[in-house]
1. Kindly work out what percent of the DSSP beta bridges joining two residues of the chain are antiparallel, to the nearest 5.
2. State the extension gain, in nm to one decimal, for the chain segment bounded by Q555 and A267, taking 0.36 nm per residue of separation less the distance between their alpha-carbons.
3. Sorted from largest down, what three extents in whole angstroms do the Cα atoms of segment 104-145 have along their principal axes?
4. What spacing in nm lies between the two simple spin-label points modelled at V124 and T65, each 7 Å away from Cα in the Cβ direction?
5. Over all distinct Cα pairs, what is the inverse of the mean 1/r for segment 375-455, reported as the Kirkwood hydrodynamic radius in Å?
6. Using a 1.4 Å probe and ignoring any ligands, DNA or RNA, find the accessible area of E330 and quote it in Å² to the nearest 10.
7. Quick check for the chain: number of Lys pairs with alpha-carbon distance under 18 Å, counting only pairs 8 or more apart or on different chains?
8. Averaging sequence separations of C-alpha pairs under 8 Å and six or more residues apart, then dividing by the length of segment 507-561, give the relative contact order as a whole percent.
Amino acid sequence: MTLLAGCASAARGEGAPQKGLPPITAQTARSGGPVDPLQAALAFDAVDLRIELLPDRQAITGVATLSFTARAPLDTLLLDLDRNLAVRAVSIDGTALKPAAWSNPDGRLRIALPHPVPAGARIVARIGYGGTPHVAVNAPWDDGFVWTKTRDGKPWIASTQEGYGCDLFWPCLDFPTGEPGVADLRITVPRGLSAPANGVLVARETLPRGRTSWHWRVKHPNTYALALTVGPYELLSDTYHSRFGNLIRLNYWYLPPARQKASALFAEFAPTLDFFEQVIGPYPFGDEKLGVVESPYLGMEHQTINAYGNNYKKSPEGFDWLFQHELSHEWFGNQLTAGDWDDYWLHEGFAQYLQPLYGEWREGKARYLAMLDGYRNRIENRSPLVSGRPRTEEEVYESAQGGPGVDIYYKGAWVLHTLRGLIGDKAFFASVRRLVYGRPDPAPGNFAPRYGSTAEFEALAAVESGQDLGWFFDAYVRRAALPELVATPEPGGLRLDWRAGGRFPMPVEAEVGGTRVTVAMPEGVGHLPVPAGTHVVLDPEAKILKRSVAIEAYQADQRGG
């Protein structure tokens, strides 16, 4: 997800509906957390989703055909669906059910199966539904639909659902591991509008009354990554010759008035992709496309069709941070998906860290350090990055709910920076590659999207570095407060102590009179020899994330405290 709340691109034109309506239940606003046993008993094989958008009514109609394999005996099918989208018909394995067989009082669609289903059996549910979907208050931080118009009065529509989940517009399993194996999206829109979406375009068909149906197919989509984005788009397209030997389609759907600016952004696609493939590994969805679509909100990592609404703003780094950030989620979020929202920092911490890494790749160390320095002032340390229990998306994303909030971005990036400095580039990037692809030698065609966790990343980093890193992850991921380095004068130099709430044998570099030395701290304590009158700088290249009294005072001043 993008950050910088409050900076979403302004909706163009007039006629936007009232935001926040119709209201949704607490259940619909919830995504992830402990999984209901009835849903855990389902392997989600495929979904065929047929949706028509009705801009004049700000409504949708849909037919979802969902295929499951039962992992355990079942007599009930439990799905997530916003109750604002009324269910009008349900069939199971071709048998139409009477309305009494289903209910949806709170955003959980409960369907009584016409007969018990044994473990290993297949279930095909066909659900007809429709209504007025929830309108986002401040997309993408508050989820829902955005119904607006372009400057020349044409409909411009988009959905976003990372926080509240996929059930905002289709019946689904609203938790990270509820991905379908394959999804077909058949999106019908009024005359003159395009509907770019996830995956590969299978067909485009003209229907009666001038409508157009766009049929897309995507493999292993993230639950919240299936998205609707509709507008009077034009397309920029090219083919990228990957350093891994495969050809990747590059597509950018943009609004026509921005042709020149759109072309400049499109020129960033290939070099940015080359950076990711060189530093991390193969683009995960090379057999589908790298797609981006201009959206009426800031952005979101919708798999192979990332939403972009940064209005082509320039930055001193020389690249579009929003485009680069969302593209990084194709590796960290879509290829590698956290199995539980508790490990959300694996999505956002890596995506945030890939920004200064890209700066370093383009311009060198100065740009890398400058970008990281800007992040450092925004770390809050209110809650640990990881709690060790299942959590919903908002329990992590919202600091008001006790979550780490923005720390999953900025602190996550600094944790990765510190780990890289500790174990070295070879071990760091090898462990990251194995985390993303599940193997050390990724190549097009030999990997698939996977689930990962903080515990797995810790284990991989330990194997690749040959070090026990439990103390590192305890200090930075499982505790909130930052380690503090205390320097106390003693005969012949300085005594260095780490205060970290536990074992913390982090070595410390120092510059003593212009000479660089390293102090081993096997027990969290060390001695730095310093000749009398010599100037000392500890951690001169800022390799270690640690407490800073100056930053704490600055943050208090910014808060007015």
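1. On the way: 94 of 113 bridges.
Just about 85 percent of them are antiparallel.
2. On the way: separation 288, 0.36 × 288 = 103.68 nm, distance 3.82 nm.
Between Q555 and A267, full extension yields 99.9 nm more.
3. Result for segment 104-145: principal-axis Cα extents of 44, 20, 17 Å.
4. For the pair V124/T65, the computed spacing is 0.6 nm.
5. Kirkwood hydrodynamic radius for segment 375-455: 14.6 Å.
6. Surface accessible to solvent at E330 totals approximately 0 Å².
7. For the chain, qualifying lysine pairs total 9.
8. Worked out over segment 507-561, it gives 32 percent.
The values are calculated or read from the model by the stated rules, or taken from the named source; none is laboratory data. Note that the structure is a prediction, hence the values are computed from the model and not measured. Glycine also receives a Cβ, built like all others from the backbone with ideal geometry; neighbour counts cover every protein chain displayed. The protein model used for the area step is the full one, side chains on, heavy atoms only, and it has no ligands, DNA or RNA in it. Shrake-Rupley method; radii C 1.70, N 1.55, O 1.52, S 1.80 Å.
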